[in-house]
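*Asks:* Sending over a structure as structure tokens; questions will come in a sec.
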Amino acid sequence: MKKNILIFVLIFSSLIFYGCSKNKIDNNLVSLSTIDISALNNKNILNIVNDENLEEGVYKIITKENKYIFFNGIKNEFKDVNSYLEDKTFIIKSNTISSSESNKKLYVIRKKNTIYSEDENVLYDSISIFINEKKSSFSNVYIIE
């Protein structure tokens, strides 16, 4: 009898420790999905992305349907872009490396396992950006009606 109770306690403890140690990213309900800029047909977004006067940085583009995050690299390439949800804050992290060529990366914020971002604001209150492990902010926010 004591042996059965001990086995039950060990199994139960293992399940609790496994559940508590699960990576937050595994339970993410919101994510960044890569958008192929060359296949994009929204002219308003393309005007922003292709603006030659745009400075290097991270931009937020809001449309009626979606929220986009645009990384505009001029002297640096944004790499290792990842995101996760933590305490109602959507956190976006990236690193940079020097680059002689400009590069552009566009992402859309989506609920996990969906093709559009309907009501993702229910899942997070704010967005925080970290570039090279330092808190950053959007260079600009564009709202397209």
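*Asks:* Among Val81, Val58, which is the only one that is farther than 26 Å from Glu145 by Cβ and either modelled with pLDDT of 95 or more or small (Gly, Ala, Ser) (or both)?
*Replies:* Going through Val81, Val58 in turn, the sole match is Val81.
*Asks:* Something else now. Just checking, which of Ser137, Ser94 is surrounded by fewer than 16 Cβ atoms within 10 Å (Cβ to Cβ), at pLDDT 95 or above, closer than 12 Å to Val58 by Cβ and of a type outside the set (Lys, Arg)?
*Replies:* Values: Ser94 fails: surrounded by fewer than 16 Cβ atoms within 10 Å (Cβ to Cβ).
Residue meeting the stated conditions: Ser137.
*Asks:* Then there's this: If you go through the stretch 57-91, how many residues are buried (at least 16 other Cβ atoms within 10 Å of the Cβ) and in contact (Cβ under 8 Å) with a residue 40 or more places away in the chain? Write out each step before concluding.
*Replies:* At the first step, the residues of the stretch 57-91 found to be buried (at least 16 other Cβ atoms within 10 Å of the Cβ) are 57-61, 63, 66-73, 76-78, 81, 83-85, 90-91.
Checking which are in contact (Cβ under 8 Å) with a residue 40 or more places away in the chain leaves us with 57-61, 63, 66-69, 72, 78, 81, 83-85, 90.
Matching residues across the stretch 57-91 total 17.
The values are calculated or read from the model by the stated rules, or taken from the named source; none is laboratory data. The structure presented is a predicted model; accordingly, all values stated were derived computationally and were not measured. Reconstructed Cβ throughout: ideal geometry from the backbone, glycine too, with neighbour counts over all protein chains shown.
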